[in-house]
Amino acid sequence: MAAVSKEALLSRLQGLGINSIVHEHPVVMTVEEQSKHIGHLGTTLSKNLFLKDKKGRLYLVSALATTTVDLKALSQRLGLGKGGLRMAPEDALQEILKVPLGSVTPFALINPSSRSVILLLDHQYQNQPKLLFHPLVNDSTIEISNGDFNLFLKSIDRTPSYVDFEAVVTVGKDQPPDLAGFVTELAEQPSSLDTKQSIASTQNCSIKEVASAKFPNSKLKVPKEKVHIEGEFQKLIRDPQELVNHILDETIKATMEKVKDVTHYTDTSISNEIKSQIGPDLQNLIMLFKNTAYTQGFVAGEQYSLGEDLVSAFASRSSVVRGRSESGRCY
Amino acid sequence: MAADVTRDNLEESNGGEEQVITPWEVSAKDGGRIDYDKLILQFGCQKLEESLVKRVERLTGKPAHPFLRRGVFFAHREFDKILDNYEKGQKFYLYTGRGPSSESLHLGHLVPFLFTKYLQDAFKVPLVIQLTDDEKCMWKNITVEESRRLARENAKDIIACGFDVSRTFIFCDFDYVGGNFYQNMIRIAKCVTLNQVRGIFGFTGEDHIGKVSFPAVQAAPSFPTSFPHLFGDSKDVHCLIPCAIDQDPYFRMTRDVAPRIGFHKPALIESLFFPALQGESGKMSASDPNSAIYVTDSPKDIKNKINKYAFSGGGATIEEHRKHGANLEVDVPVKYLSFFLESDEELAKIKEEYGAGRMLTGEVKLRLIDVLGKMVDRHQKARAAVTDEMVDAFMAVRPLPQMFS
């Protein structure tokens, strides 16, 4: 999905009834430069850090420029250990926050791709009448009231999480990290996978798969990715209705995306584009469906031909089947 | 035997400096690129002309697979005869295989299977897939149990490529060799002397006897009576074998034997080697994890491997690149895109822009990472949905009544 533009952001704010003032200035990459142009406003500027922990979770830390943010201390308070926080790499900036270098801002969370970024706000924001942030680009700054900023956050389904970054908090054996509650569980990790997909599959994991994911010492070493992936196709091929719905959903989604760009295409070319885009994947899925149905028939046939031994065969089905293929020739 | 290029011949004629292509070793001359035209000449097979590709499209009524259109499958032996017979209503069956030497497959392994699946769907013909667990047990010196286990694991990856169970018979040598199959093996073996296999496969007096008779095992599936449950006792069914060109020696031997025992010669359709990430001079090797993208790789792994190890034909600096453009002959990302990017148009555009220096290596790599990521993701999902029962079904010795419909 494309990045939200500054214009789109501003019109969204207007739509919420927010009156903000946009100050234009030359491109600035640091808070110092920024203050040269709008320091006269008397409002304290904000500094915004885009961070990443060792497990790949992303954080947006937004604080007053005058607040000291000690990354080591913050990392400990979040329960990430002593050097657990680093600056996030540039490609994450592009892919997740969708803003250029030097433009990190809480407003970037308007992009759906940043759904899983954890937002931590300076508690001092609460007693500031006005706040200053970049509106997704660094050639201007928005001046917005604290209350309106909260309205914006609410409109993107975020509740403000305030942190006293300067508080001295000891974290040790008997003192648990006080900010650990902000850190989300690994299962909801940010990933570039389709969000609908990962939600559907985590809901559909069988108990066996979840169990082996939770006990890393069990013999069945299931790599973490597998827990997501296994659920999705099985669910579809077990149930014709689900399968058809999936096919129709994919088709409609692909159509809607193309239809937006209507000027370039004719009817047949749209149709061909869509077919070539989703056709191969759907064909594979259907083949899997067919193979599964055949397999079930095959298994039923085997058991049928066992006749009287059906009861014991039912109990030890897998060993019977494996036994036949191991002993070899059945002709 | 026409143009019998054996290991001995190669080394004699050029003092060991030529490119070496055998089923177990592939290396180009002086670490450069493999000369496929020379290979065709040396081996004595035919180039797969554009006209044949068009003919395939006409006969099957659908666009040819990208591998055909882009010359990935570039050589053949009597593929035109297969098409002649097909037009007359005479069907054929497909035969391909894999030596299950490691648990993880890389993209190079998938290439023949993806192409075979296309052939199966386009021509609506049956397919037999041989898993040579016995070969790997002997050559890689792993236990019988381990090689059988690997064979079953590989079968799952193969099934995940999307083969149709109502037209496909997968078998492991350790399970299937015997009966009519073994009878054919002996018929074949009687026609090949020890000296001949020494020449073709490089056996020496120190090699154990298991290896020496193995070629007959790989040859037997080329003959329909090896599968009585599929073809009965009919000798008249033709066989088409899609494979990589380094398998040519095995099948030259088979083609030589066929008429002597009353069978049609199997036809071959042969592919280039899938280039290793580090460049064209070799093929992907299971022993070097960074030479290949594996089907078990995560999106992160793929991104890393392409960015770090994929050999770039781009300029050393941006200025140089913009001035001279990229060397498409050696650029690995573009080669990979030629294999896996669906759209001919987009591929042509990328080649044009990149070749002129307007597009940067990073952009090409990004596109490749996207394409491979989707492919691998799809494969992993499909593989996860393949059950042990499904493998049993594919491997059951059963008739396939729908195999030609």
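What the table below lists for this structure:
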{"quantity": "Output for region B:203-237, where each listed residue is of a type in the set (S, T, N, Q), closer than 19 Å to B:Arg255 by Cβ and either within 14 Å of another protein chain (Cβ to nearest Cβ) or outside any helix (DSSP H, G or I) (or both)", "calculated": "B:Thr225, B:Ser226"}
{"quantity": "Answer residue from region A:296-315, given it is surrounded by 11 or more Cβ atoms within 10 Å (Cβ to Cβ) and within 11 Å of another protein chain (Cβ to nearest Cβ) and is modelled with the lowest pLDDT among those", "calculated": "A:Glu302"}
{"quantity": "Contacts under 9 angstrom Cβ, first residue in region B:301-327 being not assigned by TED's automatic domain parsing to the domain that holds B:Thr361, partner modelled with pLDDT of 90 or more, 6 or more apart", "calculated": "none"}
{"quantity": "Members of region B:377-405 that are farther than 19 Å from B:Gly97 by Cβ and assigned to a loop (DSSP other than H, G, I, E, B)", "calculated": "B:Ala385, B:Thr387, B:Arg398, B:Pro399, B:Pro401, B:Gln402, B:Phe404, B:Ser405"}
{"quantity": "Helices (runs of 4 or more DSSP H) enclosed by region B:83-180 - at least 2 residues per element that are hydrophobic (A, V, I, L, M, F, W, C)", "calculated": "B:107-123, B:133-139, B:144-160"}
{"quantity": "Which numbered condition B:Asp121 misses (of (1) over 30 Å from B:Gln380 (Cα atoms); (2) within 14 Å of chain A (Cβ to nearest Cβ); (3) surrounded by 15 or more Cβ atoms within 10 Å (Cβ to Cβ))", "calculated": "(1)"}
{"quantity": "Test for B:Glu352: is it facing chain A (nearest Cβ under 9 Å) and acidic (Asp, Glu)", "calculated": "no"}
{"quantity": "Condition broken by A:Ser218, with the remaining ones in (1) modelled with pLDDT under 75; (2) in the same structural domain as A:Lys290 (by TED's automatic domain parsing) satisfied", "calculated": "(2)"}
{"quantity": "Condition met for B:Ala382 (free of Cβ contacts under 8 Å to residues at least 40 places away in the same chain and buried (at least 21 other Cβ atoms within 10 Å of the Cβ))", "calculated": "no"}
{"quantity": "In region A:235-276, the residues that are at pLDDT 80 or above and small (Gly, Ala, Ser)", "calculated": "A:Ala254"}
{"quantity": "A:Phe165 hydrophobic (A, V, I, L, M, F, W, C), modelled with pLDDT of 85 or more and either part of a helix (DSSP H, G or I) or not assigned by TED's automatic domain parsing to the domain that holds A:Val31 (or both)", "calculated": "no"}
{"quantity": "Test: residue in region B:82-105 that is within 22 Å of B:Asp164 (Cα to Cα), modelled with pLDDT of 95 or more, out of contact with any helix residue (DSSP H, G or I) (no Cβ under 8 Å at 6 or more places or on another chain) and in the same structural domain as B:Asp256 (by TED's automatic domain parsing)", "calculated": "yes"}
{"quantity": "Filter pass, B:Gln183 being more than 14 Å from chain A (Cβ to nearest Cβ) and not acidic (Asp, Glu)", "calculated": "no"}
{"quantity": "Verdict on B:Leu366 being in a helix (DSSP H, G or I), more than 8 Å from every other protein chain (Cβ to nearest Cβ), closer than 20 Å to B:Leu110 by Cβ and not small (Gly, Ala, Ser)", "calculated": "no"}
{"quantity": "B:Val197 being assigned to a helix (DSSP H, G or I), modelled with pLDDT of 95 or more and farther than 17 Å from B:Ala396 by Cα", "calculated": "no"}
{"quantity": "Pick from region B:153-173, criterion among the acidic types (Asp, Glu), surrounded by fewer than 24 Cβ atoms within 10 Å (Cβ to Cβ) and more than 8 Å from chain A (Cβ to nearest Cβ), ranking: farthest from the chain's Cα centre (by Cα)", "calculated": "B:Glu153"}
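Here's the yes/no breakdown for (1) surrounded by fewer than 22 Cβ atoms within 10 Å (Cβ to Cβ); (2) of a type in the set (Ser, Thr, Tyr); (3) under 15 Å from the mean Cα position of the chain (by Cα):
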{"residue": "B:Ala75", "(1), (2), (3)": "no, no, yes"}
{"residue": "B:Glu78", "(1), (2), (3)": "yes, no, no"}
{"residue": "B:Tyr86", "(1), (2), (3)": "yes, yes, no"}
{"residue": "B:Gly89", "(1), (2), (3)": "yes, no, no"}
{"residue": "B:Ser104", "(1), (2), (3)": "yes, yes, no"}
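Listed here are the residues, each with its yes/no results for (1) part of a loop (DSSP other than H, G, I, E, B); (2) surrounded by 16 or more Cβ atoms within 10 Å (Cβ to Cβ); (3) at pLDDT 85 or above; (4) on the phi < 0 side of the Ramachandran plot.
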residue	(1), (2), (3), (4)
A:Ala8	no, no, no, yes
A:Gly17	yes, no, no, no
A:Ile38	no, yes, no, yes
A:Thr44	yes, yes, no, yes
A:Val61	no, yes, yes, yes
A:Thr68	yes, no, yes, yes
A:Lys82	yes, no, no, yes
A:Leu109	no, yes, yes, yes
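The values are calculated or read from the model by the stated rules, or taken from the named source; none is laboratory data. Every value quoted in this text rests on a predicted model; they were computed, and no experiment measured them. No Cβ is skipped: glycine too gets one built from the backbone with ideal geometry, and neighbour counts run over all protein chains shown.
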